[in-house]
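No value in this document is a laboratory result; all are computed from the given coordinates. Values in this document were obtained by computation on a predicted structure and should not be read as measured data. Cβ atoms come from the backbone with ideal geometry, glycine included; neighbour counts cover every protein chain shown.
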Amino acid sequence: MDHPVIFDSLENLSDDRKASMASELLVAGSDTSGTTLTYALYYICSNPDINNKLTEELEKAMPTMDTTPILLELEQLPYLVRFFSGLCHRSLS
């Protein structure tokens, strides 16, 4: 490798174990993201008011389909932030 990675500090682990741990972390992160997006789509599709408010806010932030906002811009959208904060709160309940 050309650059150090976190697993380099775990000298007592074999390369196979390091690869296994990296795969586990990747899969766990993908599963969490997938579950969150599933809940988000469910709430958006089953609540027209939520859908309309999110659509309105996102259309203002992205006036054309060619507009791709950066994360900093998305974090400034109050309804979007509240929606995902509430979603995370519901999933922990």
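The string of couplings for the range 26-33 from the Karplus curve (6.51, -1.76, 1.60, θ = phi - 60°) is 5, 5, 4, x, 5, 5, 4, 4 Hz, one whole number per residue in order, with x for Gly and Pro.
Here, the chain is characterised by an Rg to Rh ratio of 1.15, where Rg is the alpha-carbon radius of gyration and Rh the Kirkwood radius. Each label point was placed 7 Å from the Cα along the Cα-to-Cβ direction; for Tyr79 and Glu24 their separation is 4.3 nm. Rounded to the nearest whole Hz, the Karplus-based 3J(HN,Hα) values (6.51 cos²θ - 1.76 cosθ + 1.60, θ = phi - 60°) of the range 15-25 follow the sequence 4, 5, 5, 4, 5, 5, 5, 5, 4, 4, 5, with x at glycine and proline.
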